[in-house]
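Working notes, structure below.
The values are calculated or read from the model by the stated rules, or taken from the named source; none is laboratory data. Predicted model, so just to flag it, every value in this text is computed and none were measured. Cβ placement follows ideal geometry from the backbone for every residue including glycine, while neighbour counts extend to all protein chains displayed. Keep in mind that these areas ignore ligands, DNA and RNA; they rest on the heavy atoms of the full protein, side chains included. Shrake-Rupley method; radii C 1.70, N 1.55, O 1.52, S 1.80 Å.
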Amino acid sequence: MVACADLPALECEVPKEGLKLDLVLRPREPVGGELQYWPLFNADNPEEHFGNMRFKIHKGGVVTLKITLDLSEVPCRELEFARCPYHKLDGIIALSPDFRHQFRARAKAVDGEYTKLVIKIRDKKHIPDNFSFLWKCVDPETGMHFVSGDPQAHIDPWGGI
């Protein structure tokens, strides 16, 4: 299993005007019942992939992650991002406190399947904060869930521009 800490971190300074990134998430089959970490890939450069995320956010800045689900590592599966209509956290399971003040995740349908996820991240309280979550997909036919390993991410307020 690939560990998050073994991969480079996606590190960005987010200006007041915001930042938009196009990424790709590739689920993997569980091996021996163990959760598998799914790295994020840069949509424009598939060789560039990340294990964690660290954002320095200027007050008022918003990071928008547009994530496309790539099923090439699970070719016999028809997976979609899991939907969670009452918490605005589609496709992820929050594991850390105060997660909701930072994250909004909405799955978007493409050809009737929820294979796009738009995540908006902001730092409303302007304080450093670690956030931890799992990626969550579902097979709509069987109800079986596919869940990623546990990445650690970090938000820092950023005072400069």
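How about the stretch 33-64: which of its residues are under 21 Å from Asp123 (Cα atoms) and polar (S, T, N, Q)? Result: Asn52, Thr64. In the stretch 85-98, the residues that are farther than 14 Å from Phe131 by Cβ form Cβ pairs under 9 Å with partners that are in a loop (DSSP other than H, G, I, E, B) and open to solvent by 50 Å² or more (accessible area, probe 1.4 Å), at six or more places apart or across chains, as follows: Asp90/Arg83; Gly91/Arg83. Within the stretch 123-137, if we keep just the residues that are of a type in the set (D, E, K, R) and in a strand (DSSP E or B), the residue that is modelled with the lowest pLDDT turns out to be Asp129.
Among the residues making up the stretch 49-81, those that are open to solvent by less than 70 Å² (accessible area, probe 1.4 Å) and either small (Gly, Ala, Ser) or without any contact (Cβ under 8 Å) to a residue 12 or more places away in the chain (or both) are Gly51, Gly60, Gly61. For the stretch 138-153, filtering for residues that are surrounded by fewer than 16 Cβ atoms within 10 Å (Cβ to Cβ) and modelled with pLDDT under 65 leaves 1.
If you check Lys16, Lys56, Lys20 for being charged (D, E, K, R), at pLDDT 85 or above and assigned to a strand (DSSP E or B), only one passes: Lys20. Scan the stretch 82-99 for residues that are among the aromatic types (Phe, Trp, Tyr) and open to solvent by 10 Å² or more (accessible area, probe 1.4 Å) and jot them down. Within the stretch 82-99, just Tyr86 meets the criteria.
Residues of the stretch 23-48 that are open to solvent by less than 80 Å² (accessible area, probe 1.4 Å) and either more than 26 Å from Glu80 (Cβ to Cβ) or assigned to a strand (DSSP E or B) (or both): Leu23, Val24, Leu25, Gln36, Leu40, Phe41, Asn42, Asn45, Pro46, Glu48.
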